[in-house]
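The values are calculated or read from the model by the stated rules, or taken from the named source; none is laboratory data. Because the structure is a prediction, the values reported are computed rather than measured. Here the Cβ positions follow ideal geometry from the backbone for every residue, glycine too, while neighbour counts run over all protein chains shown. Just so you know, the surface numbers come from the protein's heavy atoms only, side chains and all, with ligands and any DNA or RNA stripped out. Shrake-Rupley method; radii C 1.70, N 1.55, O 1.52, S 1.80 Å.
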Amino acid sequence: MSTPSLSGLPIRSLTPRDVPACADLSENRGWPREEHKWRLLLSAGTGYGIDDPAGGLVSACVVTDYGPHERPELSAIGMVLVAEQHARQGIGRRLMRHILERAGTTPLTLHATPYGRPLYEELGFKVTGRAEMVRGRFAAGGSLPEVSTRAATADDLSAILRLDAEVFGPDRTHVITRLPAFADQLRVAVDGGAGGGLIGFAAAWPNEDTHVVGPLIARDTATAKALVASLAAGTDRPLRTDIDVRHEELLAWLKERGLKAVGLNAVMNYGTSDLPGDWTRRFAPLTVAAG
């Protein structure tokens, strides 16, 4: 019996039941399995994949929509993977064209590795920014900003959502409300003035042997530093995070505290010259796979 041509294999929607197959695909390409992250992405977003007749997945990716369900204002593309044995056969291009067709006029964003960037440029994506991944054990000590932080409670959720809407732009309630269950820590920064309003929030979630810091939303760099330090105090794992390179002061401080640069991704957009929201208060994404 002949094996079907890869170009003829259907693209289907993935579900949380596909997490093990997605993790296998990640491992096939030398990535961590990241089942915890795959589970979040496939529940908050829409996964697309191509089944391998021999078992497993030929290819996969996830699209996370933000804004009204009927008319998203922004979609983030992540975890674009093609199995090693099927690489360089146009499968990634076919999957991406499927996503572009599905998106219609919705602006798209993604974080591209140097390996993936040529394909995205070919499809019309433009580089609009960069994010630097840093990783390492956070060295405590020294002076810290005098910003009050504490563990978030259920009563903080509405204020977190309001602040996130100001900073991120399109509504992402369906993602933010998953943070308490997804993250090991969720902390907020509070204004020391009479109002005592929320001025930032950040989460630390488990990924292999690290805790990933993200999202990191803060009024200013001092607030961002205080949130990171408070998250570091609550874990014995190394930290990892992806910082918008425009936040030079925060990046320099993280490196002074023991984190080292391990990668640089290009932020690429399609259908928009820049992301919505306020980048000056958006320091790190929840994960680069979700924008």
Lys/Arg +1, Asp/Glu -1 at C-beta; region 52-102 dipole; positive extreme among 87, 98, 58: 87
Charge sum, other residues only, whose C-beta stays under 12 Å from residue 127's C-beta, Lys/Arg counted +1 and Asp/Glu -1: +1
Contact order relative to length of region 169-291, as percent, for alpha carbon pairs under 8 angstrom and 6 or more apart: 25
Reach of residue 255 by Cα under 24 Å, taken over lysines that are not fewer than 8 positions away in the same chain: 225
Please label the shape of region 220-291 as rounded, prolate or oblate, based on the square roots a ≥ b ≥ c of the eigenvalues of the alpha-carbon gyration tensor (a/c under 1.5 means rounded; beyond that, a/b larger than b/c means prolate, else oblate). prolate
Here the relative contact order (percent) of the chain, from C-alpha pairs under 8 Å and at least 6 apart, is 22
First select every other residue whose beta carbon is under 15 angstrom from the beta carbon of residue 54; then total the charges, Lys and Arg +1, Asp and Glu -1. -4
Given Cα pairs under 8 Å that are at least 6 residues apart, what percent is the relative contact order of region 1-111? 23
Please figure out what share of the DSSP beta bridges in the chain is antiparallel and state it in percent, rounded to the nearest 5. 90
Surface accessible to a 1.4 Å probe, per residue, for the residues of the chain, Å²: 45
Amide H contacts under 5 Å for residue 74, placed H, 5+ residues apart: 66
Any chance you could check the Cα centroid distance between region 124-175 and region 215-262 for me, in angstrom? 10
Full-extension gain between residue 127 and residue 208, please, as 0.36 nm times their residue separation minus the C-alpha to C-alpha distance. 26.2 nm
Treating only the Cβ atoms of Lys and Arg (+1) and Asp and Glu (-1) as charged, compute the dipole magnitude of region 30-136 about its Cα centre; round to the nearest 20 debye. 220
Surface share of carbon and sulfur [accessible, 1.4 angstrom probe, percent] for the chain: 50
Taking K and R as +1 and D and E as -1, what net charge do the other residues with C-beta under 15 Å from the C-beta of residue 203 add up to? +4
Note on region 89-240: the mean projected area of its alpha-carbon convex hull, in nm², is 11.5
Packing-based order for 226-239, 24-37, using average beta carbon neighbours within 10 Å, highest first: 226-239, 24-37
What percent antiparallel are the DSSP beta bridges of region 170-276, to the nearest 5? 85
